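What follows is a set of notes on a single structure, which appears directly below.
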Amino acid sequence: MLIGVLCLQGAFIEHIRMLERLGAQTKEIRQKKDITGVDFDGLVIPGGESTVIGKLLNDLDMMDDIRGFIEKGTPVFGTCAGLILLAKSIANDSHCYLGTMDIVARRNAYGRQLGSFATVAPFDGLGDVPMTFIRAPYIDSVGKAEILSVVDGKIVAARQDNQLVTAFHPELTDDTRIHEYFLKMIASRG
Amino acid sequence: MAVKSQKSESRWELNKNLAQMLKGGVIMDVTTPEQAKIAEEAGACAVMALERIPADIRAAGGVSRMSDPKMIKGIQDAVSIPVMAKCRIGHFAEAQILQAIEIDYIDESEVLSPADDVYHIDKTKFDVPFVCGAKDLSEALRRINEGASMIRTKGEPGTGDVVQAVRHMRKMMSDIRRLTSCAEDELFDEAKKLQVPYDLVKYVHDNGKLPVVNFAAGGVATPADASLMMQLGAEGVFVGSGIFKSGNPAKRARAIVQAVTNYTDAKLIAKLSEDLGEAMVGINEQEIQLLMAERGK
């Protein structure tokens with residue numbers, strides 16, 4: 001199983017370590033030649049600054065390719081900035097990046113770094129999982145997407161067919177269950 | 001790590017986590033909301049708000065202090081990325097003010113005039129994160145023990161000369177490699193020599209890295225400088241005077257951002273380095289009157 005991890009900026013190495021712990025093979029995506037002609041089983045868009053990753057996707061001419069993978073059904077997992085990049089619209093920002101997922105994201109929804117927090121909350125079918133929110137977004141509303149987790153009345157995880165997003169960072173904890181959930185999404189695709 | 005209470009321990013984790021999100025990115029010095037916007041649009045992962053960039057602090061001389069909170073707030077309002085600001089070494093009251101205006105990261109910085117020539121700030125007392133400069137592993141671990149959740153090389157700010165950032169990064173990495181190869185029973189004595197708790201020394205020995213993110217800073221002026229520092233082991237880059245003291249700040253900023261992401265692709269960096277206009281003039285090491293890196297050890 002080959003997972004492409006977008007390594008333009010942010011906490012990508014943490015995802016790679018976790019996926020490799022679970023036995024998946026990973027490939028760093030830093031420029032167009034890393035994706036041309038490659039058949040990925042899944043993609044990960046990590047946390048970082050969405051403005052930076054979005055800008056580099058354009059500057060390195062990869063926005064259409066990544067969107068193409070997602071539209072043809074490649075499973076994708078976006079955390080934090082990844083959620084913002086996948087969202088169809090952003091409530092408090094005029095930018096739209098990949099825009100493949102029918103959700104409205106809110107950037108820096110908990111405020112500045114003093115608003116960052118860690119908690120434990122239920123996630124679809126997994127029971128309680130540890131969640132780390134770093135200058136995190138949340139989801140204002142979902143269209144066709146299914147809600148997977150709600151913390152303090154805010155939507156913090158959702159899925160729409162092949163797309164999985166979390167506002168928090170499972171890759172910063174020792175708990176591998178959400179990455180396993182994503183690998184199961186890939187496996188069940190056949 | 002045993003030094004902190006449970007509450008400050010969890011805050012420290014969250015603050016280390018924010019630094020993890022900045023990795024692979026470029027943090028740019030800005031002095032106005034307009035510059036902050038240029039930096040954000042060019043792909044900065046955070047900005048450092050200060051009244052004067054280090055090159056001008058160097059030129060102006062005199063005592064250099066924390067910036068006007070109103071100026072910092074103007075920059076906070078202008079951009080959506082994290083905003084950092086500097087306080088003087090040991091000046092915990094300036095740090096309290098920066099925390100009160102909800103800064104995302106405080107740089108307890110040798111660029112400003114030190115306020116205390118013995119003690120650094122007890123950073124475990126704060127909820128907001130701190131980044132500190134270091135010239136070697138001993139300094140880095142002392143700052144981490146005081147509560148810093150991110151480290152950067154000191155380099156020599158405001159010079160546009162990368163030689164000292166290189167020296168500090170090489171020293172740090174060779175210190176780490178040496179510690180990794182020590183026998184376990186030698187670590188107690190290493191802790192004594194480095195003047196830091198055993199736990200921190202053990203962490204570096206076991207993991208071959210600092211327990212927090214480590215950036216390069218102080219003298220980075222070109223995409224090639226950024227690539228050099230990344231290849232030497234930096235996890236990201238601060239660019240201070242190098243951008244807004246150059247001929248075409250937006251273009252240079254964009255080029256440095258891309259060079260950090262693809263730091264091993266010389267062909268791409270060659271292209272990025274074309275037509276950037278004047279780089280900052282810079283000062284050579286031998287011409288420097290004031291060594292900021294010697295402040296606060």
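Accessible surface buried by the B/A pair amounts to about 2700 Å², both sides summed, 1.4 Å probe.
The alpha-carbon of B:K202 sits under 13 angstrom from the alpha-carbons of these aspartates and glutamates, leaving out residues fewer than 8 places away in its chain: B:E184, B:D185, B:E186, B:D189, B:E190. Here is the result for segment A:141-190: no chymotrypsin sites (Phe, Trp or Tyr not before Pro) lie in DSSP coil with at most 11 other C-beta atoms within 10 angstrom of their C-beta. Per the 1.4 Å probe, what fraction of the accessible area of the protein assembly as shown, in percent, lies on carbon and sulfur atoms? After summing per-atom areas, the C and S share lands at 48 percent. Taking one quarter of the surface of the convex hull spanned by the alpha-carbon atoms of the protein assembly as shown gives a direction-averaged projected area of 22.0 nm².
In terms of its Cα atoms, segment B:1-160 spans 43, 33, 28 Å along the principal axes, sorted from long to short.
Shown here: chain B, whose C-alpha atoms stretch 55, 43, 36 Å along the first, second and third principal axes, sorted largest to smallest. Counting Lys +1, Arg +1, Asp -1, Glu -1, what net charge surrounds A:Q25 among other residues with beta carbon under 15 Å of its beta carbon? Charge balance in the 15 Å sphere: -2.
For segment A:2-189, lysine pairs with C-alpha atoms less than 24 angstrom apart, excluding pairs fewer than eight positions apart on the same chain, total 17. The distance linking segment A:102-138 with segment B:84-138 is 28 Å (Cα centroid to Cα centroid, whole angstrom). Remark on segment A:74-122: accessible area falls by at least 30 square angstrom from chain-alone to full-complex state for A:R112, A:Q113, A:L114, probe 1.4 angstrom. Amide H contacts of A:A121 (H built 1.01 Å from N, in plane; Pro and chain starts excluded): A:V129, A:M131 sit under 5 Å, all sequence-distant by 5 or more or on other chains.
How much of the pair distance distribution for segment A:1-157 lies past 28 Å, counting alpha-carbon pairs only, in percent? Show your work: numbers first, answer last.
Numbers: 2102 of 12246 pairs.
Counting every Cα pair in segment A:1-157, those more than 28 Å apart make up 17 percent.
The values are calculated or read from the model by the stated rules, or taken from the named source; none is laboratory data. Quantities reported herein were computed from a predicted structural model and do not represent experimental measurements. Every residue, glycine as well, gets a Cβ built from its backbone with ideal geometry; the counts of neighbours run over all protein chains shown. What goes into the accessible areas is simple: the full protein's heavy atoms, side chains included, and nothing from ligands, DNA or RNA. Shrake-Rupley method; radii C 1.70, N 1.55, O 1.52, S 1.80 Å.
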